[in-house]
1. Taking every residue in A:159-171, how many Cβ atoms of other protein chains lie within 10 Å of its Cβ, on average?
2. 222 nm [θ] for the protein assembly as shown, helices only, -39500 (n - 2.57) per DSSP H run of 4+, per residue, to 500?
3. Expressed as a whole number of Å, what is the distance separating the alpha-carbon centroids of the stretch B:185-250 and the stretch A:161-224?
4. I need to check one value: relative contact order of the stretch A:236-295, counting alpha carbon pairs closer than 8 Å and at least 6 residues apart, in percent.
5. Calculate the FRET efficiency for B:ILE261 and B:LEU93 from the Cβ-Cβ distance with a Förster distance of 30 Å, rounded to the nearest 0.05.
6. If I take R0 = 51 Å and measure r between the Cβ atoms of A:GLU135 and A:LEU286 in this structure, what FRET efficiency does the formula 1/(1 + (r/R0)^6) give, to the nearest 0.05?
7. Report D for the stretch B:73-275 in µm² per second (integer): Stokes-Einstein, Kirkwood Rh on Cα pairs, 20 °C, 1.002 mPa s.
8. When the label point is put 7 Å from the Cα of A:ALA95 along its Cα-to-beta-carbon vector, which residues of the stretch A:159-198 have a backbone N closer than 14 Å?
Amino acid sequence: MARSKAGVHETERANARTFLIGLCIFLALMLGFPTVANLWYSFSNVSIYDLTGTAFVGLANYAEAVTNPNLWDALGFSLKFAVICTVLEVALGLAMVFILHPILTKRPWLTGLLMLPMMVSPALMGVMYRLILNEFTGVVPAYLYMMGLPINLLGRNWIYETVIAIEVLQWTPFAFLIMLTARQSMAGELEEAAAVDGATGAKFGRLIVMPVIMPSIIIVSFIRFIDSFRVFDHIFVLTGGGPGNETTSISIYIYKLFFTHSKIGEAVAVSVMLLIASMALLYSALRLAVRRAPT
Amino acid sequence: MIVTRRNPVTRLVHALRWAAFIVIAFILNLPILATIMTSFKTTGDINTSPPVWIFTPTLSNYEEVLFAGNTNLPEYIFNSIAIAGGGTILAMLLTFPAAYAMVRYDIGKSWLLPLVTNVRALPLIIYAIPIYLMFQMVGLLDTRTGMALIACVINIPVALVLFVGFLQEIPEEMDAAAKIDGAGKWGILWHIILPLSRPILFAVLVLSFVYSWNEFLFGLILTTKNAVPVTVGATFFVTSYGVKWGATAAAMTLGIVPPMILGLFAYPYIGKSMLAGALKG
């Protein structure tokens with residue numbers, strides 16, 4: 001931190017603030033203002049006809065929000081969804097690293113082939129699965145039927161597993177890519193030295209490779225958890241949150257409160273609580289990261 | 001590693017790895033593959049069971065969605081290009097000087113950088129309602145300008161983190177030399193730093209374009225008719241074209257192919273950009 005300070009005059013630093021002005025104004029307008037508006041509306045009796053929201057109602061919106069049992073269902077769905085997806089993605093990605101690393105190191109373009117799903121919009125990915133899982137024209141049900149398994153993966157009985165599978169299939173490549181990068185950063189000499197010391201096969205993987213990949217596993221788990229927790233796109237295009245509220249994530253819940261039920265105050269109160277919870281989580285994660293790696 | 005190819009066990013393991021690669025690549029890319037194939041099939045081929053993998057390709061589905069004039073798909077694609085392009089350029093203009101100030105003058109690195117990277121981790125639905133109401137008040141609802149501003153918000157964390165990471169690697173002597181020659185701050189940034197940053201500018205351009213192209217939530221909330229992006233527009237096909245799977249698949253293909261091709265160019269940076277938010281820059 002103190003490295004470049006001495007050479008930089010105080011006035012020069014002050015002048016250099018002009019570099020930041022654009023970004024700061026933009027963020028204040030596009031994120032600062034909405035945050036304040038969120039807080040303001042969450043304490044007022046706001047409606048689509050009166051957007052000034054001048055009638056102060058105290059904590060009424062919050063009371064309404066937390067007493068709605070659907071909120072806790074949606075939160076539960078998101079948490080469970082995020083945990084299951086994260087665990088599956090990290091486990092599958094890790095298995096892929098161990099299986100595929102030897103053949104990918106010399107052929108990086110092959111890795112690119114596995115990265116394609118990440119480049120696709122999750123919403124369109126949802127629609128594409130709707131196409132291939134369709135009961136009548138889909139590829140997957142056609143083969144399942146031939147194998148004697150006439151199940152409708154988009155039907156009520158399987159939809160929960162299906163939305164999880166889609167998320168996992170789209171984002172396992174991400175977990176794989178990050179962990180593969182860590183694996184590839186290992187020096188060849190380390191592997192040779194380990195082989196000389198008798199660490200081969202499973203022992204090599206557990207004692208030598210795992211500690212190297214561990215930091216990546218933690219980072220990947222964290223990112224995949226927050227991304228899965230806020231899931232919206234593919235579930236929305238596949239089920240719209242249904243049947244009933246079975247696949248309503250917290251993002252879809254807020255969307256429906258506002259756009260379907262026009263409960264602005266309640267939706268805003270949930271948003272504010274979610275914002276505070278997210279910030280608390282990020283803050284503690286950051287604290288944990290700093291304590292683990294004091295740089 | 002010492003690879004002894006003569007050992008039959010080693011060779012078998014190697015063959016199994018290749019088999020695993022092919023199976024994994026096939027499963028992961030199955031929806032993409034099936035959709036692209038469907039888009040070239042006639043309605044007769046689509047309804048054949050079991051599915052046919054070898055068929056005479058037809059362009060009729062593309063003709064229908066692009067040129068027949070009974071869909072708005074060309075408009076959606078144009079909207080996506082304008083929104084993603086505008087949002088990307090704006091984000092780069094805002095974050096590049098900021099990243100430079102953070103690296104060289106140590107301004108804002110302690111508070112603005114973590115603030116911005118945290119945005120990457122927040123559930124964006126939190127901002128959907130106030131932004132919807134705000135856009136309604138200022139007349140930005142259902143406009144490409146409004147959507148480009150949203151794309152910019154989404155791009156800022158990625159762009160800033162990648163720029164800061166890259167600029168840290170440029171030696172300070174570069175600036176010092178230019179300063180002696182009498183160049184001003186913006187002059188140094190424009191004439192010295194910008195040309196040196198070409199690789200990262202390209203990567204940010206491509207990745208930001210891809211991420212804004214793929215955005216769905218705000219497209220769904222903030223547009224209804226005039227500024228609908230292709231990610232939202234292509235989903236209309238499923239309901240309004242219920243049985244026309246060929247046309248739907250063609251629309252889908254046009255919606256996914258541009259970011260896929262662009263993404264492959266910038267793929268070495270993908271991992272790094274997606275880590276934005278968990279790293280301190």
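Each reported figure results from applying straightforward, stated rules to the coordinates on display, with no laboratory input. Bear in mind the structure is a predicted one, so any value in this text is a computation, not a measurement. Reconstructed Cβ throughout: ideal geometry from the backbone, glycine too, with neighbour counts over all protein chains shown.
1. Mean shielding by partner chains, rounded to a whole number: 1.
2. The helix-only estimate for the protein assembly as shown comes to -22500 deg cm²/dmol at 222 nm.
3. The two parts, judged by their Cα centres, are 31 Å apart.
4. 16 percent
5. Working: r = 25 Å, r/R0 = 0.83.
So the FRET efficiency works out to roughly 0.75.
6. Details: r = 47 Å, r/R0 = 0.91.
The computed FRET efficiency comes out at 0.65.
7. Once the numbers are plugged in, D ends up at 117 µm²/s.
8. Within reach of a label on A:ALA95, which here means backbone N under 14 Å from a point 7 Å along Cα→Cβ, the stretch A:159-198 contributes A:168-169, A:172-173, A:176.
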